[in-house]
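Notes for the one structure printed next.
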């Protein structure tokens with residue numbers, strides 16, 4: 001990171017050197033083998049959880065249009081997917097989107113770097129882990145959370161699309177959470193874009209060939225996800241989805257306004 005680059009960081013966690021905890025806050029919260037005085041300690045954890053929500057909301061409240069980019073922390077810079085992640089981060093920044101990642105190394109670093117080098121806003125939302133810990137150096141704003149569920153809320157609340165680069169269990173968790181939220185209507189139908197046809201193609205085929213065939217998802221559910229290798233297509237998919245969503249919202253507002261006008265006219269009409 002250049003000395004002139006000012007990074008706004010928030011959050012209670014700061015690590016120096018190899019000072020990484022043996023256990024994480026999430027683990028201590030969820031472990032059933034916790035201390036016998038859990039009745040006394042868990043209520044206080046609620047205050048800590050609340051403070052993390054406040055910290056995240058305060059940091060991200062004025063982000064504007066943003067896209068969350070997920071991907072493996074283990075991808076090395078010499079991997080072709082790393083270069084693809086950089087290009088996607090740059091294209092998103094060129095299109096006016098803030099890029100939000102998990103703030104770590106690998107694909108997250110690639111997307112942050114691409115956005116930063118293109119002059120865009122680059123954000124990292126880190127998590128307390130006993131490995132893959134530090135935030136990368138290509139972010140403008142960063143926060144390290146103790147709790148996964150708080151971090152996930154920030155990804156969803158402040159993003160208008162989700163881009164999923166090749167990754168492992170964590171990336172799969174983020175992918176399927178995003179698709180589930182869209183499928184169930186918990187979030188507006190934001191686009192979920194899988195990048196890497198060779199990497200993700202087998203998963204998409206399995207969803208269509210097994211989940212749909214078994215009837216455990218609806219035939220149209222796989223269409224909630226897009227699959228591409230082209231950074232320009234990633235941006236175009238997101239842009240078109242936002243234009244369509246804006247049009248739908250406009251039509252809904254017009255229907256509501258017309259209903260209000262009709263109701264007002266009926267109320268004012270003589271008996």
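The values are calculated or read from the model by the stated rules, or taken from the named source; none is laboratory data. Not measured: the values here are computed from a predicted model. Reconstructed Cβ throughout: ideal geometry from the backbone, glycine too, with neighbour counts over all protein chains shown.
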Notebook entry, point to check: (1) farther than 27 Å from residue 198 by Cβ; (2) within 9 Å of the chain's Cα centre (by Cα); (3) assigned to a loop (DSSP other than H, G, I, E, B): which one isn't true of residue 134, the others all being true?
Noted result: (2)
Next item on the list: Please go through region 191-230 and pick out each residue that is outside any helix (DSSP H, G or I), touching a residue at least 40 places away in the same chain (Cβ under 8 Å) and closer than 22 Å to residue 80 by Cα.
Entry: 193, 195, 196, 229
Next item on the list: Could you list, in sequence order, all residues of region 109-131 that are in a helix (DSSP H, G or I) and touching a helix residue (DSSP H, G or I) at 6+ places or on another chain (Cβ under 6 Å)?
Entry: 110, 111, 113, 114, 115
Note to self: Considering only region 233-256, I want to know if a residue exists there that is surrounded by 15 or more Cβ atoms within 10 Å (Cβ to Cβ), modelled with pLDDT of 95 or more and not in a helix (DSSP H, G or I).
What the structure shows: no
Checklist line | region 173-188, residues that are in a loop (DSSP other than H, G, I, E, B) and surrounded by 14 or more Cβ atoms within 10 Å (Cβ to Cβ) | finding: 187
Next item on the list: Taking residue 104 as meeting all but one of (1) outside any helix (DSSP H, G or I); (2) modelled with pLDDT under 95; (3) surrounded by 21 or more Cβ atoms within 10 Å (Cβ to Cβ); (4) over 15 Å from the mean Cα position of the chain (by Cα), write down the number of the exception.
Entry: (4)
Next item on the list: Keeping to region 160-169, report how many residues are assigned to a helix (DSSP H, G or I) and either closer than 22 Å to residue 60 by Cα or in contact with a strand residue (DSSP E or B) (Cβ under 8 Å, 6 or more places away or on another chain) (or both).
Entry: 0
Next item on the list: Determine, yes or no, whether residue 29 is touching a helix residue (DSSP H, G or I) at 6+ places or on another chain (Cβ under 8 Å) and modelled with pLDDT of 95 or more.
Entry: no
Margin query: Among the residues in region 73-86, are any touching a strand residue (DSSP E or B) at 6+ places or on another chain (Cβ under 7 Å), in a loop (DSSP other than H, G, I, E, B) and closer than 21 Å to residue 228 by Cα?
Written below: no
Check: Within region 200-207, can one find any residue that is exposed (fewer than 13 other Cβ atoms within 10 Å of the Cβ), at negative phi and touching a strand residue (DSSP E or B) at 6+ places or on another chain (Cβ under 9 Å)?
Finding: yes
Next item on the list: Could you tell me whether residue 106 is out of contact with any helix residue (DSSP H, G or I) (no Cβ under 7 Å at 6 or more places or on another chain) and under 18 Å from residue 170 (Cα atoms)?
Entry: yes
Next item on the list: Tell me, yes or no, whether region 194-215 has at least one residue that is touching a helix residue (DSSP H, G or I) at 6+ places or on another chain (Cβ under 6 Å), at pLDDT below 95 and over 19 Å from residue 72 (Cα atoms).
Entry: no
